[in-house]
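Heads up, the thing below is written out as structure tokens.
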Amino acid sequence: MGENLSGHLDDILNRIRAKAPEASFKAMEHLRQVAVDRTPIETGNLRDSAETIPAPMGASVYFPGPYARYQHYELDLKHEEGEALYLLNSVVSESDTVVGILAQELGECFD
């Protein structure tokens, strides 16, 4: 019985490992879109440059270059549209949704 349970758990773990990159990408793509909607806009280049980057066991949201960091962390800037800390605020506000997406996607491994 122990071998059967161990084999079943190994099978589930292998399915989770296989599904994790896709699940993470979907969750981070949601986060990227929310962050883009909060990103300050002047020309639109900063919003257009945001990417969801896949990785072997996950994904990340990326805004390239020093300009993105400046717009993100400079709290004294006044934005007609968008906000400072656009990525951080999105991580905080969307954490439940991101976890929900991961749970839904990875839950398919148990079907």
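Some notes on this structure:
- Residue check for Glu22: among the charged types (D, E, K, R) and closer than 24 Å to Glu83 by Cα: no
- Inter-residue pairs, beta-carbon under 8 Å, first more than 15 Å from Leu102 (Cβ to Cβ) and in segment 7-28, second in a helix (DSSP H, G or I), 6+ apart: Ile12/Cys109; Ile12/Phe110
- Complete set of residues in segment 77-103 that are in contact (Cβ under 8 Å) with a residue 40 or more places away in the chain, at negative phi and more than 14 Å from the chain's Cα centre (by Cα): Glu81, Glu83, Ala84
- Any hit, segment 26-40, residues being modelled with pLDDT of 90 or more and small (Gly, Ala, Ser): yes
The values are calculated or read from the model by the stated rules, or taken from the named source; none is laboratory data. Treat the numbers as computed from the prediction; the structure is a model and nothing was measured. Quick reminder, even Gly has a Cβ in these numbers, built from the backbone with ideal geometry, and neighbours come from all protein chains shown.
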